[in-house]
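A.B. asks: This is the structure I want to talk about, given as structure tokens.
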Amino acid sequence: MNEGHLPSPSEEEKEREKLPSIQSTEGVAERGARGQVSTFSSFISSINQKKEAAGNRNSPTQILIPNSKHVRELPPICIEGKQKQHISTDLLPPEMKALIPSEPTVPIHTKTVREFQEDIDKARSSGDWKAVHYFYLTTFDSFLELNATFKRDVNSPVSSTEDCGVNTTFLNVVYDALLQIPQDIQKSVLKGIINSLLQEWKGSRTKDDLRAYFILSQNPQFNSTSTYIIYAHFLRQTASLAEADHHFLIHWFKKMFHRRFKQLVDRLLQFISICLFPSKPEEFPPMSKCTWWITSAIKVLALLNAANNLTNPPLIPYTDFYNSTLDFIDLLEDYQTWQYYVNSHRFFFCQYPFIIPIAAKKVIIQKDSEQQMISIARQSLVDKVTRRKRPDMDILFLNIKVRRMHLVSDSLDELRRKRADLKKKLKVTFVGEAGLDMGGLTKEWFLLLVRQIFHTDCGMFSYHNDSRCYWFNSFKSDNYAEFRLVGTLMGLALYNSITLDIRFPPCCYKKLLSPPIFSCDRNTPVGITTVTLDDLYQIMPELAHGLSELLSYEGNVEEDFYSSFQVFQEEFGVIKSYNLKPNGDKIPVTNQNRKEYIQLYVDFLLNKSIYKQFAAFYYGFHSVCASNALMLLRPEEVEILVCGSPELDMHALQKNTQYDGFVKTDPTIRYFWDVVLGYSLDLKKKLLHFVTGSDRVPVGGMADLNFKISKHETSTNWLPVAHTCFNQLCLPTYKSKKELKQKLTIAISNAEGFGIE
């Protein structure tokens, strides 16, 4: 209906009182019996009276005479097609003609953003909100009206996944004004939403229905706890849509503006948090009766997470989906129960790991690791007792004994011989050296081993200066045991909560979780994942840029580049060629097939050419960390658990630092923190690397770093010294801030192979 010729609100209400509320021509009698029995009965009576007055005793409407309490038994008013052929609508009274429209009439609204804003401005200046009230009252009265108001073209064909067909500018203006208008208008909107949600749906949803759900999901009124009952029912309906409908919603969500998308996520996270820990429990139904609230909210949040993962770059960081409230519930029990009922239809938070903060995931992995350690140790002890041998406490640990001069080879031999003990607690002994491993020797072993393995002389990995990361060398070999050692080393670090200074690109961790569950079948491909030009940019940016230029080249690719589906690599001074596809050396790269060429080239570099090397690395890692807990992790989270977080908070470090021989009010300590807090980010990282062996922070933050500053009883001419095994900085008592800054900067800037013990 045209907005310029709409009846007034009072006339509309009178018309509604006369006729029953009919949303479709199917099942009208049943809906009337449930929700509007008295209105429907009076309507039937009026028809009968007119029929009798006209003397039409043979009228087909004779079947509609039963008492109102038997309304449910009425046949559908929309009669079967064969019967329709024998009935002329001209013979029916006007009331019956209104009951059987073939299709609901689609209203047409023409109000523009400018006209709406003018209405708002007039209402604010005059105090007369009737026009605005009527607009909101009619717009949110049904899904049909929502589409009429916000659909860009009411008569346009079905929207695609890439275009929801909504006038988002108008929608945002209407929602932004909603919270600034009188309360009675806001209540009218909520009543309209209730009416829409209470409609009885039969069959699948139309795209207009999906568009209405998309529109209602952005309603800012749902931020208020007073609307949570309505919001919960809306979420349940959205969550229960068919998979194909969710597919549309996901693609529509990913087209939203960043700020609006973030508001949706925050609204759902707040809803979940308040449902878990309500500040006023009396405002909500008993938890036993509304457990589906949280389930529905998380399922809808999963749609937003899927939408966020489809965009590159993501609309918001994946960490914005974390719900810190989950830190206060027993997620370990949730995880263990989930493992037990893995194939059931019960709800578990671990089914939706994107909502679980990484600190909580670390706790789950640590506890899972500890339980595996205890189980393996207990089994070893039982085996000893069963064979009537004297138990030795060493059987409870993975004991690694190595010589400093043969660190890599000894470590490789020890880990190969003690493969069955990898899930025990790690203890390291350096041959010929006294001392018990209280954690310091273990960390030193990791630090020294990583430095040697990743040294260019070792030849296992190549360092790329542009990206400042390591990647696997593709040289062929008869033995890939050392790659397995690196994977085992990473697994042991994660298993024993040790942070390593390893610089792999994000692509490496994506491959490490492909698949996340270790397969005993060695014929199953591992470490193979879908890679793109963006992945290559993170390793070899110069090569990736060249391929990107090829992709956008406007000339004749075949004539100007004269390339084929063949690549060349140098291996030990010999140039070798590899076909990217069968007979690739005979297939020229053209404008038509260059996209395929680039995809095959990237796949060759990051998957096929290093398959055996990475497979050994994969098996080494999973020989230690084989656990369903890995299913909870994103590739980025594996990197953080292994290497730490790159985010530095030096104020938190100052707050959690321990002192030996100093107190925090000593002049030297005050000078130290004045200097450090004034450092650039690069120098802060160098300081952290100097003291701890890594410029990253553990998942638990600076509090988990156990950073210590000790007084060094030596001349102030000396530079500071660091014990990386214990995260300890030994600081002489410098007499001035200038002297301390000079000496400390020299030490941390020249720390490689100097000043580290």
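A.B. asks: Kindly state, to the nearest 0.05, the FRET efficiency for Glu739 paired with Asp457, given R0 = 56 Å and r defined as their beta-carbon distance. Numbers along the way, then the final one.
C.D. replies: Working: r = 38 Å, r/R0 = 0.69.
After rounding, the FRET efficiency stands at 0.90.
A.B. asks: Turning to a different aspect of this structure: Between Glu570 and Ala420, with labels modelled 7 Å along Cα→Cβ, what's the label distance in nm to one decimal, could you check?
C.D. replies: 4.8 nm
A.B. asks: Going by a ≥ b ≥ c, the root eigenvalues of the Cα gyration tensor, does the range 308-371 fall in the rounded group (a/c under 1.5), the prolate group (a/b larger than b/c) or the oblate group?
C.D. replies: Values: a/c = 2.24, a/b = 1.57, b/c = 1.43.
Because a/c hits 1.5 or more and a/b exceeds b/c, the range 308-371 counts as prolate.
A.B. asks: Roughly speaking, what is the stretch gain from Arg114 to Asn656, that is 0.36 nm per residue apart minus the C-alpha to C-alpha distance, in nm to one decimal? Don't skip to the answer; put the middle values down first.
C.D. replies: Details: separation 542, 0.36 × 542 = 195.12 nm, distance 5.62 nm.
So the chain would gain 189.5 nm between Arg114 and Asn656.
A.B. asks: Ok, one more. Please give the contour-minus-distance gain from Asp682 to Arg468: 0.36 nm per residue of separation, less the Cα-Cα distance, rounded to one decimal in nm.
C.D. replies: Working: separation 214, 0.36 × 214 = 77.04 nm, distance 1.42 nm.
Roughly 75.6 nm would be gained on extension.
A.B. asks: Cross-link candidates for Lys576: which lysines have Cα within less than 19 Å, leaving aside residues fewer than 8 places away along the same chain?
C.D. replies: Partners within reach: Lys476, Lys586, Lys608, Lys612.
A.B. asks: Of all beta bridges DSSP finds with both residues in the range 650-757, what is the antiparallel percent, to the nearest 5? Intermediate values should be presented prior to the final figure.
C.D. replies: Working: 3 of 11 bridges.
Beta bridges within the range 650-757, antiparallel portion: roughly 25 percent.
A.B. asks: Answer rounded, prolate or oblate for the range 654-757, using the Cα gyration tensor with square roots of eigenvalues a ≥ b ≥ c: rounded when a/c is under 1.5, else prolate when a/b is larger than b/c, else oblate.
C.D. replies: Working: a/c = 1.39, a/b = 1.21, b/c = 1.15.
Rounded, because the longest to shortest axis ratio a/c is under 1.5.
A.B. asks: Report the one residue of Thr714, Tyr734, Met702 whose Cα lies farthest in the direction of the positive end of the charge dipole of the range 697-741 (charges on C-beta: Lys and Arg +1, Asp and Glu -1; origin at the Cα centre).
C.D. replies: Final value for the positive-end residue is Tyr734.
A.B. asks: Where in the range 449-463 does the amide nitrogen come within less than 20 Å of the point 7 Å from the Cα of Asp413, taken along Cα to Cβ?
C.D. replies: Within reach of a label on Asp413: 449-450, 452-453.
A.B. asks: Can you give the FRET efficiency to the nearest 0.05 for Asp585 and Lys612, using r as the Cβ-Cβ distance and R₀ = 22 Å? Intermediate results must be reported in sequence, preceding the final value.
C.D. replies: Numbers: r = 23 Å, r/R0 = 1.07.
Efficiency, rounded to the nearest 0.05: 0.40.
A.B. asks: Let me know the whole percent of all Cα-Cα pairs from the range 533-642 that are separated by more than 18 Å. Can you show the working numbers first?
C.D. replies: Details: 3729 of 5995 pairs.
Value for the range 533-642 (Cα pairs over 18 Å): 62 percent.
A.B. asks: Spelling out what I want: for every residue of the range 341-356, take phi, set θ = phi - 60°, compute 6.51 cos²θ - 1.76 cosθ + 1.60 (Karplus), and round to whole Hz; glycine and proline get x.
C.D. replies: Ordered by residue, 3J(HN,Hα) equals 9, 4, 9, 8, 9, 6, 8, 9, 4, 5, 6, 10, x, 4, 8, 8 Hz.
A.B. asks: Rank by packing, highest mean first: peptides 490-498, 343-351, 515-523, with packing defined as the count of other Cβ atoms within 10 Å averaged across residues.
C.D. replies: Numbers: 490-498: 22.4, 343-351: 13.7, 515-523: 10.8.
Most protected by this proxy first, the peptides run 490-498, 343-351, 515-523.
A.B. asks: Can I ask one more? What FRET efficiency comes out for the pair Thr529/Ala131, r = Cβ-Cβ distance, R0 = 56 Å, nearest 0.05? Provide the component values of the computation, followed by the final result.
C.D. replies: Values: r = 57 Å, r/R0 = 1.02.
It comes to 0.45.
A.B. asks: Given points 7 Å out from each Cα along the Cα-Cβ axis, report the Lys367 to Lys187 separation in nanometres with one decimal.
C.D. replies: 4.7 nm
A.B. asks: Hey, another quick one. Given the Cα-Cα distance of Tyr340 and Thr169 and 0.36 nm per residue of separation, how much length would full extension add, in nm?
C.D. replies: Details: separation 171, 0.36 × 171 = 61.56 nm, distance 4.86 nm.
Fully extending the segment from Tyr340 to Thr169 adds 56.7 nm.
A.B. asks: Give me the distance in nm between label points sitting 7 Å out from Cα along the Cα-to-Cβ direction at Thr386 and Glu433, one decimal.
C.D. replies: 3.8 nm
Laboratory data are not the source of any read-out in this text; all were calculated from the coordinates shown. Predicted model only: the values in this text are computed from it and were never measured. All Cβ positions, even for glycine, are placed from backbone atoms using ideal geometry, and neighbour counts span all protein chains on display.
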